[in-house]
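Below: one structure, written as structure tokens.
All of the numbers you see were taken from the coordinates with simple rules; none came from a lab. Note that the structure is predicted; figures quoted are calculated from it, not measured. All Cβ positions, even for glycine, are placed from backbone atoms using ideal geometry, and neighbour counts span all protein chains on display.
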Amino acid sequence: MLMRATGRGSISSVLKVAVDVLWVLACAVLGFIWIIAAFALYALVTGNTPFFDLGQYRLKTGLELTAWITIGSILCIGVMIVCAYLRGVFETLVARDPFVPENATRFAAIGVVLAVMEGTSMFTAGLINLASSILAAGGATVAFRFPNINWPVWLAVLTLLILAQVFREGAAMREEQKMTI
């Protein structure tokens, strides 16, 4: 038996639960990142090594740790915001009422959040790369590299902005249909 796309017990309700689980996982990962940051700060201030050893995954410089914490935090917070908006979209799908103006706003907001996440990550990576090339150990010259552009993310941003406009038009047509006798 095929599942329905909307309503109770549908694919939308299952996806809403999956988005809730993803939100909780993003919160947990963000907490983990900040705990690691606290231990690293403790090790930096006291000069002691933390009580755990990551072996081959140890970050060698404070700059690498800063990059990891900053970009990881940005991505986790962005995922949490996107999940909050997606939850609203799936709630309207479960209620069998997807063409509401709020969904157009939600899709546009998701697109903007993805653009900010990617832009901030690119800026942070570029800034850290610039700092590491300036602060190269032993006077060695390290060439500055521009951050890579993640084209699929920017295509997703464009798609979400177009989808927001489609939902905005769908909501307007639905309102116009309600006024027609």
Residue separation between D20 and A156 times 0.36 nm, minus their alpha-carbon distance, gives in nm 46.8 nm
1/(1 + (r/R0)^6) with r = Cβ-Cβ of T124 and V29, R0 = 25 Å, i.e. FRET efficiency to nearest 0.05, evaluates to 0.90
With x for Gly and Pro, the residue-by-residue ³J(HN,Hα) of the stretch 157-170, computed from phi through the Karplus equation 6.51 cos²θ - 1.76 cosθ + 1.60 at θ = phi - 60° and given in whole Hz, is 4, 4, 4, 5, 5, 5, 4, 4, 5, 4, 5, 4, 5, x
In nm, the gap between the two label points placed 7 Å beyond Cα toward Cβ at R8 and I134 is 6.1 nm
Per the rule of 0.36 nm per residue minus the C-alpha distance, extending K178 to L41 adds in nm 43.3 nm
